[in-house]
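A short worksheet on the structure shown next.
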Amino acid sequence: MSASLARPRVGVWLIGARGSVATTVVTGCAAITAGLHPPTGMVTETPAFTDSALPALSGLVFGGHDTLDCPLPKRAETLTASGVLPPGIATAVAAELAATDREIRPGGPTPGDTRTEAELITAFADDMTDFIRRHELERAVVVNVASTEPASQGPGAPLPVSTLYALAALRAGCPYVNFTPSEGMHHPVAAREAERSGLPYAGRDGKTGQTLLRAVLGPMFAQRALTVRAWSGTNLLGGGDGAALADPAAAAAKNAGKERVLSDTLGTVPEGEVHIDEVPALGDWKTAWDHIAFDGFLGTRMILQTIWQGCDSALAAPLVLDLARLTARAHEAGLTGPLGELGFYFKDPVGAGPAALGEQYAALTGFAERLAAANPDAPAPRPGPDEETR
């Protein structure tokens, strides 16, 4: 567990708070805090972050917005039945799930909602500030884990719903993390407000499976001077994300981040596309195939194929917890603007930074050291061998 167990409580406000990812986040945090499961997949629970003064998992308080009305305990039962959550865990943390469910407020806009964009932003921001006030929280981080939405239609079009929530977060004084491909803080209106706010923010589109592999394999081909001729992929997935990505416009928004990883690591975009197919029977599980055609010495043609099969919520949840803790700590340390050092977690990261996973991890651990340097309670660094003999 983290060394920062006595730190003040921090809020995590989830957009899409009754979805699979959010439910797994809340369940997992409660299970880890109770000692029922180890923090597998949480990078912030590794030794590199021991002195970074991150919020303790036991000190995180959850709330959020959603347009769904399925109670969180019931949602956890459904995820248990589908094999996403281990048997018995939802029952063991039922009190924590119920407490979070009481903090979920109606999202929007819903069909028939006549509120203007300004009224929606105000309502969302009021919910966030009320949450912080009632729980006497030191701060709260807003994390978007809602379903992917199509890209906005350009100037003059209505603001994307994700951007309304991002603007509400800024108004409430909350750092913001976009774990989805949706526009959120990337919209020009929100980007301008973010710059004026002085708040830290991170995103977008969590890197959990296929693109995680691409961030490793792309640099490998480049570093070994192997020419990639074509890179094609297929994703099969169900659940809410599968249904959302059945919309071609939403799928295009998702694929943009996957393509960016290849262009940044290879220096060019090879032939081939990524296809996303909805398979409702898969539920929260997904399968991703990649077919990579490349040239070796003397033009010898070769092929690498990969298969990734995983549970989207179980892959995403530890990253969401990491990001909430890191962004909250960055806010406490007075950092502002895009947190490029958190690019390790994203397909299409904000700010400047490398695209290769190894370089991103080095930037992330450097960020941990930066946070530790801003921690007055951190132990002094040990002297080096030369210093000890002086």
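The values are calculated or read from the model by the stated rules, or taken from the named source; none is laboratory data. None of these values were measured; they are calculated from a predicted model. FYI the Cβ positions are ideal-geometry reconstructions off the backbone, even for glycines, and counts take in every protein chain you see.
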* **Qualifying residue in segment 254-265 (condition: modelled with pLDDT under 95 and assigned to a strand (DSSP E or B))** => no
* Pairs with Cβ under 7 Å, 6+ apart, first in segment 36-51 and on the phi < 0 side of the Ramachandran plot, second part of a loop (DSSP other than H, G, I, E, B) -> 44/54; 45/2; 45/39; 50/3; 51/375; 51/378; 51/379
* Looking only at segment 132-155, count how many residues are surrounded by fewer than 24 Cβ atoms within 10 Å (Cβ to Cβ) and in contact with a Cys (Cβ under 9 Å, 6 or more places away or on another chain). => 2
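Where in segment 103-210 are there strands (runs of 3 or more DSSP E), lying wholly inside it, with at least 1 residues that are more than 23 Å from residue 59 (Cα to Cα) and either modelled with pLDDT under 95 or out of contact with any strand residue (DSSP E or B) (no Cβ under 8 Å at 6 or more places or on another chain) (or both)?
200-203
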* Asked: Within segment 46-63, is even one residue of a type in the set (Gly, Ala, Ser) and within 15 Å of the chain's Cα centre (by Cα)?
  -> no
* Asked: For segment 219-240, how many residues meet the condition of being under 25 Å from residue 323 (Cα atoms) and over 22 Å from the mean Cα position of the chain (by Cα)?
  -> 1
* Structure fact -> Every listed condition ((1) part of a loop (DSSP other than H, G, I, E, B); (2) buried (at least 22 other Cβ atoms within 10 Å of the Cβ); (3) without any contact (Cβ under 8 Å) to a residue 24 or more places away in the chain) holds for residue 351 save (2)
* So which of 64, 28 is on the phi > 0 side of the Ramachandran plot, at pLDDT 95 or above and not basic (Lys, Arg)? -> 64
